[in-house]
Every structure is written in C-alpha cells, then in structure tokens.
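What follows is a single structure, written as structure tokens, with notes after it.
FYI, it's all coordinate maths here, none of it is from the lab. Treat the numbers as computed from the prediction; the structure is a model and nothing was measured.
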Amino acid sequence: MSIPSDAYAAILGATAQIEWKTLEPHFARGQLLWVAKDTDLVEAAEALIGDNAALVKSWMEAGKLAVATDEQAADWHERDPQNLWAVVVRPWVLVQEKE
C-alpha cells in the first residue's frame with residue numbers, strides 16, 4: 001500500500017458529506033462533476049488539481065467522471081440521498097454517491 005501524498009491528504013480533509021439541495025446551485029451553473037462509485041473521489045480531485053489530462057480523459061471515456069446530467073439531478077432531487085460526498089476543485093464541485 002502506498003503512502004498518500006500531501007495533496008491527497010489535504011483533499012481528503014476537504015471532502016465532506018453534503019445534501020443535494022446544497023449542490024443544486026452548482027449543478028444549475030454546469031459546475032457539478034459526477035464521479036462513479038468505483039472511482040476514488042479524492043484521486044479524481046487530485047487529478048484535476050494536478051492537470052492530469054490523460055487520467056481525467058481516460059475516466060471520462062470510461063464513464064467514470066462526467067458533468068452531472070439532468071437525469072442524475074432529478075434522481076437526487078427526488079431521493080434526497082444521505083450518502084453524497086463532495087469536494088471543491090474550482091470551478092468544479094465533484095460529487096459521488098457512496099454505497
């Protein structure tokens with residue numbers, strides 16, 4: 001097991017559970033990125049901060065990272081899940097629904 005980088009640790013410390021209603025304005029501005037459940041939310045944020053275009057592109061092509069869709073927003077609004085986690089990587093907010 002590798003030791004997390006300082007950046008990873010800092011991002012992890014800035015990651016928090018959040019309610020959908022708090023994320024709605026970011027979705028409305030087109031600034032909400034969805035991260036698949038099987039992808040490390042903190043690693044995704046670290047890749048964006050580090051401008052790791054190849055990794056970000058590979059996740060996007062694999063459907064593991066994408067701009068949140070209207071369908072996802074409607075689902076989250078309807079269900080109001082209590083297991084959403086988010087982290088800010090300006091101008092983006094990354095969100096992931098945990099198990």
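Only bridges with both residues in the chain count here: give the DSSP antiparallel percent, nearest 5.
Around 80 percent of the beta bridges assigned by DSSP in the chain are antiparallel ones.
Is it possible to state the helix-based mean residue ellipticity at 222 nm for the chain, with each DSSP H run of 4+ residues giving -39500 (n - 2.57), the sum divided by total residues, to the nearest 500 deg cm²/dmol? What is it? Numbers along the way, then the final one.
Working: 5 runs with 45 residues, N = 99.
-13000 deg cm²/dmol, from helical runs alone.
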